[in-house]
Amino acid sequence: MKTTKGTHMGMSRRRALAGLGALGMAASLRPLQAAGDEIIRLNIPGPHLMPFFPLELIPVLGIDRELGVRLAIRHLPSGVLAAEDMLAGNADFAGTGLPILPNFIARHRDIVAIATLSSGAPPYGIVVRKALATKIRSLKDLRGHSVGVPMGSVSTKTYLQLLAEHWVSAHGVRPQEVRWVPITQNYEGVHGALAGEVADAVFCEEPNSGALVREGLGVRIASLYDPGNPVQLAGSTHIRAVLAAAPATLEARPQAPRKMVQMLRRALTWIHEVPREQIPLRLGIADAAQRADIVQALGRLPNFYSRDGRFDPAEIASTRLFMKSVGLSMPAGRDIATVIDARWLR
């Protein structure tokens with residue numbers, strides 16, 4: 001299409017971009033259609049991170065199509081980036097960590113959690129590069145060394161970064177005494193950090209920590225969930241992974257959160273009813289060793305997944321304690337419970 005010179009000159013670049021931005025935000029609040037089905041867009045870290053398996057399973061199991069929608073999943077390097085991109089209007093929901101939501105609230109970016117994915121102590125461990133295993137035997141020995149961890153944006157630390165700093169602090173090592181190396185949250189990121197000697201150790205989640213040990217790349221020196229490896233960590237049973245959304249999306253599309261929670265609950269029910277070997281198989285994980293790592297991790301964590309997405313009051317209390325320990329705070333007069341919108345869980 002041709003544009004006259006006068007029209008082209010009359011529209012400044014700033015006005016054009018502003019117009020596009022407004023159109024994008026308006027579009028983000030309207031349900032998209034594909035082959036007759038409404039599209040619900042979801043951002044999650046990954047792919048194939050255990051806390052977010054229930055969400056990844058929804059389209060694989062055809063649960064979305066049963067409810068007349070199509071769940072379009074996009075993977076991002078971290079939960080912070082998944083949430084930020086969602087708040088920018090590029091997705092309807094995001095999988096992220098509950099303790100990071102106050103950082104968004106503090107910057108006047110409204111976000112709420114509508115369901116929880118996991119429960120109990122999060123399955124994190126610190127794995128040291130095998131060549132350094134005789135030198136770094138405990139968390140105290142990390143002083144002066146480099147630790148790989150997924151890092152967020154300039155303004156918001158990732159949940160994993162907060163947790164890692166809190167954990168080393170509990171063992172007498174100040175966070176500034178560790179060299180934090182940014183890595184991606186998936187297995188390629190933690191594997192590359194150790195195999196490429198980018199970091200002396202990595203802070204990562206099951207099944208990645210178990211896979212690094214199996215491959216002979218590292219030695220696990222600490223674990224948050226292993227009963228034989230007690231930890232000193234306030235709020236250790238805090239809520240880890242949640243399904244989050246912008247309140248504006250919930251109000252503009254009230255059927256979207258209802259269907260999203262329905263889909264999540266069906267996926268959680270399926271997880272609890274089938275042999276755990278079925279989970280990595282249905283996710284299409286081709287590598288047999290990786291599937292075995294996941295199955296073993298699930299065996300060590302039989303109660304890792306929520307059964308119905310509800311928020312447990314004891315875990316909310318533990319989250320308050322965890323937030324206080326890592327220096328996270330809500331705006332004056334607000335509590336972490338105020339970022340939970342459980343209407344669709346009733």
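The values are calculated or read from the model by the stated rules, or taken from the named source; none is laboratory data. Because the structure is a prediction, the values reported are computed rather than measured. Here Cβ is always computed from backbone atoms with ideal geometry, including for glycine, and neighbour counts include all displayed protein chains. Just so you know, the surface numbers come from the protein's heavy atoms only, side chains and all, with ligands and any DNA or RNA stripped out. Shrake-Rupley method; radii C 1.70, N 1.55, O 1.52, S 1.80 Å.
If R0 is 25 Å, the Cβ-Cβ spacing of GLN255 and ALA106 corresponds to a FRET efficiency of close to 0.25. Compared with the dominant Cα axis of the chain, that is its longest principal axis, helix 13-28 is turned about 80°. The figure for THR96 is an accessible area of roughly 0 square angstrom, using a 1.4 Å probe on the protein chains alone.
To test your reading of the geometry: what angle, between 0 and 90 degrees and rounded to tens, separates the Cα axis of helix 159-169 from the longest principal axis of the chain? Here the helix axis deviates by roughly 30 degrees.
Segment 284-316 and segment 69-120 have Cα centres spaced 20 Å apart.
Counted by Cβ distance under 11 Å from LEU298, the other residues give a net charge of 0, where Lys and Arg count +1 and Asp and Glu count -1. Label separation (LEU283 vs ALA195): 1.8 nm, computed from points 7 Å beyond Cα along the C-beta direction.
Given Cα pairs under 8 Å that are at least 6 residues apart, what percent is the relative contact order of segment 187-295? List each step's numbers first, then the result.
On the way: 45 pairs, mean separation 22.9, N = 109.
Reported as a whole number, the value is 21 percent.
The heavy atoms of LYS157 present about 80 square angstrom of accessible area, all protein chains included, probe 1.4 Å.
Taking a straight line from the alpha carbon of LYS140, these aspartates and glutamates sit under 17 Å away, with near neighbours fewer than eight places off in the same chain left out: GLU165, GLU177, ASP200. Site pair GLN176 and ARG137 shows an inter-label distance of 3.0 nm when each label is modelled 7 Å from Cα along Cα→Cβ.
Here the contact order of segment 261-346, divided by its residue count and restricted to Cα pairs under 8 Å and six or more residues apart, works out to 34 percent. The convex hull built on the alpha-carbon positions of the chain has an orientation-averaged projected area of 20.7 nm².
The C-alpha atoms of the chain define a longest principal axis, and helix 288-300 lies at about 80 degrees to it. The residues HIS171, HIS238, sorted by heavy-atom accessible surface at 1.4 Å with ligands and nucleic acids left out, run HIS171, HIS238 from largest to smallest. Ignoring ligands, DNA and RNA, what percent of the 1.4 Å accessible area of segment 208-346 is carbon and sulfur? Carbon and sulfur: 51 percent of the exposed surface of segment 208-346.
Around the amide H of LEU117, modelled in the peptide plane, lie the amide H atoms of ALA241, VAL242, LEU243, all under 5 Å away and 5 or more residues distant in sequence or on another chain. Candidates ILE183, VAL219, ALA286 compared by Cα position along the dipole of the chain: farthest toward the positive end lies ILE183, with charges placed on Cβ. With a 1.4 Å probe and all protein chains left in place, how much of the accessible area of segment 83-122 comes from carbon and sulfur atoms, in whole percent? About 44 percent, which is the carbon plus sulfur part of the accessible surface.
Note down the net charge around HIS238, summing +1 for each Lys or Arg and -1 for each Asp or Glu among other residues with Cβ under 15 Å from its Cβ. Provide the component values of the computation, followed by the final result.
Details: positive: ARG240, ARG320, LYS324; negative: GLU165, GLU205, ASP312, GLU315, ASP335.
Residues near HIS238 contribute -2 overall.
In whole Å and largest first, what semi-axes does the C-alpha gyration tensor of segment 139-283 yield when each eigenvalue is scaled by 5 and square-rooted?
Details: eigenvalues 197, 86, 50 Å².
Value: 31, 21, 16 Å, ordered largest first.
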